[in-house]
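So the structure is just underneath, and the comments pick up after that.
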Amino acid sequence: MRGIDECSYEEGLEYVRKFDKKIIEIAEKLGKLVVATSDAHFVTQEEAIVRSVLQRHVGYEDDNQLEIHFRTTEEMLQEFSYLGEEKDWEIVVENSNEIAGLIEDVK
């Protein structure tokens, strides 16, 4: 049996999507909120160039980093569209706002 690191991009993406659906299923059974997040390393895609230069300077291989920017709500909804319109809206918008509402203001 092949490991996840031996999969094609498409196979890996399908594995992650199945895993996400399982997490949502378990969370619903336990009455827990699921929130969609991303692995953002910078705010805009343009900042990928700066990060790439800095990483190459310290010895990292050049890789495509355009997808690790802070995503808009629309981009996040697109990322999780495989869950369907209701579920992606719930985990991207509703649950995120619910958790934000639980956090007190800090000055």
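In what order, largest first, do F70, F80 sit by accessible area if the probe radius is 1.4 Å? Intermediate values should be presented prior to the final figure.
Working: F70 135, F80 30 Å².
Of F70, F80, the descending order of accessible area is F70, F80.
Give the relative contact order (percent, whole number) for the chain; include only Cα pairs under 8 Å separated by 6+ residues.
Values: 65 pairs, mean separation 28.9, N = 107.
Once normalised by length, the contact order is 27 percent.
Please compute the alpha carbon radius of gyration of the chain, then divide it by the globular-protein estimate 2.2 N^0.38 Å. Two decimals is fine. Could the numbers behind the result be given before it?
On the way: Rg = 17.0 Å, N = 107, 2.2 N^0.38 = 13.0 Å.
Against the empirical 2.2 N^0.38 Å value, I get 1.31 for the chain.
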Accessible surface of D105 in the full protein assembly, 1.4 angstrom probe, to the nearest 10 Å²?
140 Å²
Accessible heavy-atom area order of E47, E74, highest first, probe of 1.4 Å:
E74, E47
Once the in-chain neighbours fewer than 8 apart are removed, the lysines whose Cα is under 25 Å from K18 read K29, K32, K87
Amide H to amide H under 5 Å from H69: which residues, 5+ apart in sequence or cross-chain, H placed 1.01 Å off N in plane?
H41
Give me the accessible area of E14, 1.4 Å probe, in Å² rounded to the nearest 10.
80 Å²
Would you calculate a helix-derived [θ] at 222 nm for the chain, using -39,500 (n - 2.57) for each DSSP H run of n ≥ 4 and dividing by the full residue count, to the nearest 500?
-15000 deg cm²/dmol
Using alpha carbon centroids, what distance separates the stretch 36-86 and the stretch 88-105, in Å?
21 Å
As a test of reading the structure, rank V106, V58 by solvent-accessible area (1.4 Å probe, protein chains only), most first.
V106, V58
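The values are calculated or read from the model by the stated rules, or taken from the named source; none is laboratory data. Because the structure is predicted, anything quoted here is derived from the model rather than measured. Ligands, DNA and RNA are excluded from the accessible area calculation, which covers all protein heavy atoms including side chains. Shrake-Rupley method; radii C 1.70, N 1.55, O 1.52, S 1.80 Å.
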